[in-house]
1. To the nearest 10 degrees, how steeply does helix 110-122 sit against the main Cα axis of the chain, on a 0 to 90 scale?
2. Need one number: convex hull volume per residue for segment 244-309, Cα atoms only, in Å³.
3. Restricted to Cα positions, what overall size does segment 233-276 have along the principal axes? Three whole-Å values, descending.
4. So what's the angle, to the nearest 10 degrees on a 0 to 90 scale, between helix 76-88 and the longest Cα principal axis of the chain?
5. Can you tell which of VAL370, VAL411, VAL381 lies farthest toward the positive end of the dipole of segment 359-424, using +1 and -1 charges on the Cβ of basic and acidic side chains (Lys, Arg; Asp, Glu)?
6. In nm, to one decimal, how far is the modelled label at GLU196 from the one at ASN296, with both set 7 Å along Cα→Cβ?
7. Say the dipole of the chain comes from +1 at the beta carbon of Lys and Arg and -1 at that of Asp and Glu; which of ILE108, GLY136, THR205 then lies farthest toward its positive end?
8. Any chance you could list P(r) for segment 239-366, counting all Cα-Cα pairs in 5 angstrom bins from zero, rounded to whole %?
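The values are calculated or read from the model by the stated rules, or taken from the named source; none is laboratory data. Only a predicted model underlies this, so the values are computations on that prediction, with no experimental measurement involved. Every residue, glycine among them, receives a Cβ derived from its backbone with ideal geometry; neighbour counts consider all protein chains shown. For the accessible areas, the whole protein counts, side chains as well, though only heavy atoms, and no ligand, DNA or RNA atoms are used. Shrake-Rupley method; radii C 1.70, N 1.55, O 1.52, S 1.80 Å.
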Amino acid sequence: MTTACVTGLLWGDEGKGKIIDLLSEDAEFVVRYGGGHNAGHTLVHEGERMVLHLVPCGIRRPLVTNVIANGVVIDPFHLAEELASLRASGFDLRLGENLMISERCHVILPSHRQLDCAAESMRGTGKIGTTGRGIGPTYGDRASRLGLRMGDLIRPDNLRLGIARLLAEKNPVLEAFGLGPINADELHHDLLMLGEQFAAGIVDTGLLLRRAVRDGRKILMEGAQGVLLDVDHGTYPFVTSSNASTCGIASGTGMAPATIGTTHGVVKAYATRVGEGPFPTELEGDMANRLREAGNEFGSTTGRPRRCGWFDAVAVRYAVDVAGADKMVMTNLDVLSGFDPLPVCTAYRLADGSTTDCFPAFDLDKVEPVYQELPGFSEDVTGVRRFEDLPAAARDYVEEIERLIGISSAVVSVGPGRDQVIRK
């Protein structure tokens, strides 16, 4: 590893946190490059479960420098709570040493959260399924050149001017929604106090990472969510507000695109989605509930039940191409034990009766999946550590998916624990 990336290949929740934790064993830097605390990475080690929202998954490794890079939007109130919770759990968090925060990260404010929820409630049947955490409005203010950045929190005069400029636009909108205005002095005070907490870690992370690249240091990029939630390349408008695919790495870190090396695309042995939007292989009824319960498919951030369906090779192949994935990481193979047969979507049937193996930008809700059925397996595979020791049907399932999507797998996960992996 020099510079590598871990990215989700569908709509997030693929188990990236475990894989980042696993690969960070060989890393010197773990870098989160996009999204906000609407994403959660779950780590399980020796029975202990931990969910991270903003802090990168390399935090378990004492020699790793964890970087929250400029493409991330930060709710400073949430970040303070997350750091306090990690420290209470015994983690040695040292701002400016093993945790760095980009001075260019845009700041999520209370007004962003309020407007996010208000806008979602007005959409009615057209709801996107936002978490209501202010992510979209913050990225919107970034694009409108109205936002505050983490560096402003340690510059009192800059902060006061920025708050005044922002609230001149936001308070009338909040009042129109009946939400009341935000007090500029109180917000200034609160943000300055938070800035003091973070000051040692607020740095130019772009400069830090470019120097690390020049020095040949080992860097692991931590993707949040997945390719099909990317604002440009996902199932628009049911997407997040950032470039959640590898396309967001260069702009989200300040590193040159040519510095990105191997990309590990993470995908479950089946498909899940949280929130609204098209999902061609979605199951309903008893089979959906059975798969959801078997996989404990409830959002690590929201707790919402995830929608579940069969593996979609059309969607995954598209995501592999967009992300430039070199290797597949398949998670949750163990969950499929007891399901027989195992359908895999290999094409879509369109409204006119024709079929396609390409992923469409429009009318995804109108396609019907064309399935290839593979034999299932009933054995417990959670203790397997060598690919050749898997049941034949499980091996055939993995290898057929590799063939369908065009890349081989580097890791197959057979349980939530850090050690429950097969390095293939």
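1. So the inclination is approximately 50 degrees.
2. Here the figure is 126 Å³ per residue.
3. 34, 25, 13
4. With rounding to tens, the tilt is 70 degrees.
5. Going by the charge dipole, the pick is VAL411.
6. 4.0
7. Toward the positive end, the furthest listed residue is THR205.
8. 2, 9, 16, 20, 19, 17, 11, 5, 2, 0
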